[in-house]
Structures are given as C-alpha cells and as structure tokens.
Amino acid sequence: MMKIFKKDKTKEIRNERPLERERLNKSTSSSSSSHNNNNNNNQSLRTLRIFRINAVKNPNDVPHFDEFQVPVKRWTTVLDALLDAKSYQDSSLGIRYSCRMASCGSCGMKINGIPRLACYTKISDLDTNTITCEPLPNFPYIRDLVTDFSKFFDHHRSVMPFIQNKKADIPDVNELSEYQQSPQDLDKFLQFSYCIKCGLCYSACPTVATDLKFPGPQALSQAYRYFADSRDSDKSNRLKVIDTSHGIWRCHFAGSCSNVCPKGVDPALGIQLLRSHLLGISNSEKKIAKLQDRSNNNNYNNFYSEELEEEEEEEK
Amino acid sequence: MTSDSIKNNRNKNKNLTKWFSNIPFLRESQIMKIHYITGVGALFVVAIHIMMRLIMPFNMSLEFENVILNYKNIFYALLLESILILIAIHGFNGLRVILIEIRQTQIWERAVNILVIVAMIGIIAYGTRTIIIANGFSLG
Amino acid sequence: MTSAATSAKRIDDNNSKNDRTNREGLRGWLNPIIYGWERVSYWFQRLTGIFLLVYFIGHVYETSSLVSGPDAWAAMLELTQTIGGHLFLILVIGASTLHTVNGIRLIFTQSGQGLGKPGRPDYPYDPTSVNNKQRSGLWIAFILAAVAMLYGANVLFSGE
C-alpha cells in the first residue's frame, strides 16, 4: 500500500518523532521560499494561534492562546492544520468536526476574527502568517474550540421547526394523500432549508451579542422556512412565538448573518420577508401561490380546492 | 408573623405582579408600526420646521420677537406640537429597544418600559407648556 | 456532544455573570467594519439615534427659556450661538440627515423590498439580500449628510 502513495516531505515529517520533526521543520523553513508561496509542490509553515480553555473541568480556568507551527500547502484548510497540530503536537486540543466538507456545520469557529467553517476556509485565502482560531462567540465554552449549542437548539425548537397541517391524514393509511407542491412553491423556501445549523450567523449577530432572549437569525429564518412552505397551515402560532419584545423585531438588518453563512441560506432575507408578513405588507404571498396552482393545473384541485373554499368562507 | 399572614402577604404580592403583568401593553409588531409611522411623520414636520429657519436670515430668525411670532401662528404651534409628540415617541421607543437588548431581567424590562413612558409624557408636557405659554405671550 | 452539553452548565437568561457565556456583549456592537456595509448602517443608525435623542431633550429645554422672557432667551442664545454651538449643530444636521435617509432605506428593506427573491443557492453562495441596490441607500445617506452639513455650515457661519 505504501508504494501507491508518493513519498513526499509531508509524510517524512509526520513519521518522525516530535523533536526530529522540529529539526526537520526548521531545515525546511530555512530552505523554502517565502510563506506566501502558492506553488502546489511547496509547503510553507504557518503559525496557528489557538484559544485554550477547559471550562468544564475547571470553571475558573483562565483562557490563553497556544501557538503551533503547521505545514501548509496550497489547498490546506484550517481544519487540516488544526488536526495536524492535534495529531503531532498537542493531542489535548479540543476540536469539533465531522464531515470535512461544509455539510454538517460542526467545525464552526472564529478564524481571524470572523466566524467561519474550518473545513471550508483555506489557509491560502487568509493571507496572514498567523491564523488565530477562537471558539464561536455567543456560545458558552466547553473546551478550547468546542462550544455549547444547547441554547441555540432551544431557540430553534421554540419556532416549531416542523410542518403543521391539521388536514394531514397520516394515520389513515387507506386514503394516503400527498402534499403536492409546484417548483415555484418550493423555490419560496428551499434556500432556507439548506441551513446546516453551524451557528455562524448566531455568532455574527450583534443582537445575539447582548440579548440572551433573542432567538437568533437561524431560528427566525427557519420560522420563515416553515411559514413559506405551502404544506404548512399553522401560520398564527409560529408568528405569535416570534412577535414578542425579544423576537423578530430585535433584528435590525445588520446583515452579518448573511455575510457569514457558508450555504447561501441568507437568513437576513428570510427574516425581512417574515417581517413584511407581520407588517401586513405581503401577506398574500401564500394565497397567490395557491391561486396560481388552482388555475394552472387541475390536478391540484382535489387537494387545494377544499382548503381554498374554507379560507374564503372564513374571510366572509 | 403567623403562617396565615405570611400566606396573605404572598398572595398580595402575587396579585400585584399579576395586575402589573396584565397591563395591556401593545404587541411588539404594533409598537414597531407606530415607530415607523412616527419616524416618517417626523421627517415631514421637521423638514418644515427647518425650512422656517431659512425663510429669513438665520440670525434674524432667532430673534425673540420673530420666534414668538412663529409661536403665535396656530398652524406653526400645531406643527411644533406634532414634532414634539412624534419625535418623543420615536426617540424614546428607540431608546427602549436599545436598553432591553442590553439586559433582559424582568425588573429591568419593566423599569425601562415605565421610565420610557414617563419620559415621553414628561417631555411632551414640558414642550407643550412652552408652546402654550409662548403662544399666549404678548409682545411689549 | 450531548454528555458534554448536559455536563456543561446551562445558561439561564439572567446569568449574565457567567464567564463561560462567551457573549460578545457591547464589544459585539462596537465592531462595525468586518461584516459589511449593513453592519456599518446598524452602527450609525444607533449612534445617530441616541445622539439625536439627547439633542432633542436639550433642544426642548433650550427653547423653554422663551417663557422666561427676552433676557433669558438672549442668555440662552449667547450659550448656543458660539463656534462650538455651531459645530455641534452641524453634527446634528449630519446625524439627522443620515438617520432619516438610512431609516427610510431600513423601512423598505425591513419590509422585504429591494432584497431580491428566494431561489436555489449555488456556489459561491452569495446572499441576495446584501446587494448594492439596497446598500446604495446608505451611500446616498452619507452623501446627503455631507451635503447637508456643508450647507448648514454655510448658513450658520455666514449668518444668512
């Protein structure tokens, strides 16, 4: 198996003992070109400055920074560098990660002052010799770069993030029906469903920085995701939850959430669209979608027509 | 104190807090609608107020007699009153929003709500006093 | 993660003294630069709002000297019609213009106007809401505030 892999300097360094490795690192750094060398075959050394705290074992622990020299190539991500430091220099480093491809949202941290996903941030893009890694702000410390997401998930649960429809006849297996949804209906909420709950938006939000009761951009954008879903019928309960003195109205469109979101969810857009519904400006959006379906496609009549008739009767 | 009197005191306190929490405050969406409307309204009235300073040389417009003449004009007096009300509501509501974002204890929030309403009423009353007295002022 | 979360102390709403909270606090507000123009707008809207409220209270008090007669009014004018007073007033003019124009922009954006429509996000996942169309409202606010300040300075210092 070893013959399949090309024997390169990185492997040599990784297989050496720590002291030997340090000696080799010094010799490679002195012979290599500048730190900003982006050549594929060359690697350079960068300094990782990592926040250290063990808040669970020692609540009075004083946080400090540890520095590690890590080898970096053109495509090295911050997560790669952190794992290198953990594997070969300090195995006590606390890092949370999973998929390594910006799909799970586990590796969120503050990198050079901005909340980012470590697996999605290339060191070559950071353009500094020292990369500072800190835990996500506005989340309690657990250890080092690992933070407590309980409150974040509590806020998410508070907006009832599931489809609620009183007409669902799921127990009745004899008359199975399906929620039919046009591509236009799907586009109204799809991007908000791409949220991976990484917490970057929650960290970047200036309101979350001071307001403990504010649900945060993630929860509010998920409230919009379910509000805008044509399969959901329980608009009023969800809106009551967020129409409070610490709810959606404490968002001031600072836009930081959308600027840091790695998946293009654009929580700021969802929040402002939901506000427009609360202000009564665009409350006809859902109805228009249903009317379009009824006129364009007769297949929807069976499901939508009864609901529409009931709504019209209620209005009268 | 007997256990009955302790229980009575506790019930009294609960009734007080219950009454307090049942004060019919507006929903936050209604408060924010008022905030937006007062903001837009204030824009127009303040623009007129500033333009009044520019219809004559600025220094002349600040002379006592000219200012009193402005106040004697009933429409201008009403304009000033509307500025007072709109900006007091908009400004103190904004302050309330900032203060409740800083701390979220129940006592703090209730204190902020009460102080803001008191400050709003206070400044409107104080400004209205100026307008009424100046309106009734007789120039020697 | 669950065991760590349960062993970690849960955060109470009133437990602001807990250092493990890691809340940025007011430092989070005082960082307007790294997150884009909308964060700058948020910062300026707050600053100008507080500044204008303080000015409003002072202005209501200042004009109340009218009721005490011409002497009191003249004394108040001596206090305010100075170079320092004029400079302060120029700041007020700038702040009110910025707050007003940016406020109108915020009324539109916070009603969902000018932010684009939801769609299917694709790499590089640029958000539609942070677009130059609505940001231009902030730039216009800065320009108009500067123009208003210049005009105000001209009026105040020339006395015309």
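The values are calculated or read from the model by the stated rules, or taken from the named source; none is laboratory data. Computed from a prediction, not measured in an experiment: that's the story for all the values here. No Cβ is skipped: glycine too gets one built from the backbone with ideal geometry, and neighbour counts run over all protein chains shown.
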query = How many residues does segment B:78-109 contain that are touching a helix residue (DSSP H, G or I) at 6+ places or on another chain (Cβ under 7 Å) and over 15 Å from C:Leu53 (Cβ atoms)?
reply = 8
message = Looking only at segment A:186-226, how many residues end up being buried (at least 21 other Cβ atoms within 10 Å of the Cβ), more than 10 Å from chain C (Cβ to nearest Cβ) and in contact (Cβ under 8 Å) with a residue 60 or more places away in the chain?
response = 14
task = Have a look at B:Arg96, B:Arg103, B:Arg110 and point out the one that is within 30 Å of C:Arg23 (Cβ to Cβ), within 9 Å of chain C (Cβ to nearest Cβ) and of a type in the set (D, E, K, R).
result = B:Arg103
remark   = If we keep only residues of segment C:76-91 that are within 11 Å of chain B (Cβ to nearest Cβ) and part of a helix (DSSP H, G or I), then the residue nearest to the chain's Cα centre (by Cα) is C:Leu89
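Residue-by-condition table, conditions (1) in contact (Cβ under 8 Å) with a residue 24 or more places away in the chain; (2) under 30 Å from A:Asp266 (Cα atoms); (3) of a type in the set (Gly, Ala, Ser); (4) surrounded by fewer than 17 Cβ atoms within 10 Å (Cβ to Cβ):
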residue	(1), (2), (3), (4)
C:Gln45	yes, yes, no, no
C:Val54	no, no, no, yes
C:Tyr61	no, no, no, yes
C:Val92	yes, no, no, no
C:Gly112	no, yes, yes, no
C:Tyr123	no, yes, no, yes
C:Gln134	yes, yes, no, no
C:Ile140	yes, yes, no, yes
C:Asn154	no, no, no, yes
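Restricting segment A:49-73 to residues that are farther than 13 Å from A:Pro135 by Cα and at pLDDT below 90, which is surrounded by the fewest Cβ atoms within 10 Å (Cβ to Cβ)?
Of segment A:49-73, the ones farther than 13 Å from A:Pro135 by Cα are A:56-62, A:66-73.
Subsequent filtering for residues that are at pLDDT below 90 retains A:56-62.
Details: A:Val56: 18, A:Lys57: 8, A:Asn58: 9, A:Pro59: 12, A:Asn60: 6, A:Asp61: 16, A:Val62: 8.
Ranking the qualifying residues of segment A:49-73, first place goes to A:Asn60.
Taking only segment A:67-91 into account, find how many residues are in a strand (DSSP E or B) and either touching a helix residue (DSSP H, G or I) at 6+ places or on another chain (Cβ under 9 Å) or among the small types (Gly, Ala, Ser) (or both). Show your work before the answer.
Of segment A:67-91, the ones in a strand (DSSP E or B) are A:67-72, A:77.
Applying the additional criterion that residues be either touching a helix residue (DSSP H, G or I) at 6+ places or on another chain (Cβ under 9 Å) or among the small types (Gly, Ala, Ser) (or both) yields A:68-72, A:77.
Of the residues in that region, 6 qualify.
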key: Residue tally, condition farther than 17 Å from C:Phe157 by Cβ and outside any loop (DSSP other than H, G, I, E, B), over segment B:51-74   = 12
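Report, by residue number, each residue of segment A:227-282 that is assigned to a loop (DSSP other than H, G, I, E, B), within 18 Å of C:Phe108 (Cα to Cα) and more than 7 Å from chain C (Cβ to nearest Cβ). Lay out the reasoning, then the answer.
At the first step, the residues of segment A:227-282 found to be assigned to a loop (DSSP other than H, G, I, E, B) are A:228-234, A:243-247, A:251-255, A:261-266, A:279-282.
Those left that are additionally within 18 Å of C:Phe108 (Cα to Cα): A:251-255, A:266, A:279-282.
Within segment A:227-282, A:Cys251, A:Gly280 meet the criteria.
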query = Mind checking which pairs have a first residue in segment A:258-272 that is at positive phi and a second that is crowded, with 24+ Cβ neighbours inside 10 Å, Cβ under 6 Å, 6 or more apart or different chains?
reply = A:Asp266/A:Ser258; A:Asp266/C:Ser129
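Per-residue answers, yes or no, for (1) of a type in the set (Phe, Trp, Tyr); (2) touching a residue at least 24 places away in the same chain (Cβ under 8 Å):
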residue: B:Leu54; (1), (2): no, no
residue: B:Met60; (1), (2): no, no
residue: B:Tyr76; (1), (2): yes, yes
residue: B:Ala88; (1), (2): no, yes
residue: B:Leu99; (1), (2): no, no
residue: B:Asn113; (1), (2): no, yes
residue: B:Gly136; (1), (2): no, no
task = Scan segment A:80-99 residue by residue and report those that are within 13 Å of A:Pro262 (Cβ to Cβ) and crowded, with 16+ Cβ neighbours inside 10 Å.
result = none
task = Go through (1) surrounded by 15 or more Cβ atoms within 10 Å (Cβ to Cβ); (2) farther than 24 Å from C:Arg135 by Cβ; (3) facing chain A (nearest Cβ under 10 Å) and name the single condition C:Glu38 misses.
result = (2)
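Step by step: first the residues of segment C:137-160, then only those that are within 11 Å of another protein chain (Cβ to nearest Cβ) and in contact with a helix residue (DSSP H, G or I) (Cβ under 7 Å, 6 or more places away or on another chain), then the one that is nearest to C:Ser96 (Cα to Cα). Which residue is that?
First pass over segment C:137-160, keeping only residues within 11 Å of another protein chain (Cβ to nearest Cβ): C:138, C:148, C:151-152, C:154-160.
Remaining after also requiring in contact with a helix residue (DSSP H, G or I) (Cβ under 7 Å, 6 or more places away or on another chain): C:138, C:148, C:152, C:155-157, C:159-160.
Details: C:Leu138: 14, C:Ala148: 10, C:Gly152: 12, C:Val155: 17, C:Leu156: 16, C:Phe157: 19, C:Gly159: 21, C:Glu160: 21 Å.
Per the stated criteria, the residue is C:Ala148.
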remark   = Going through segment A:140-161 in order, the residues found to be of a type in the set (A, V, I, L, M), touching a Pro at 6+ places or on another chain (Cβ under 8 Å) and touching a residue at least 60 places away in the same chain (Cβ under 8 Å) are A:Leu145, A:Val159
request  = May I ask you to list the residues in segment C:101-133 that are more than 9 Å from every other protein chain (Cβ to nearest Cβ) and either modelled with pLDDT under 85 or part of a helix (DSSP H, G or I) (or both)?
outcome  = C:Val101, C:Asn102, C:Arg105, C:Phe108, C:Asn132, C:Lys133
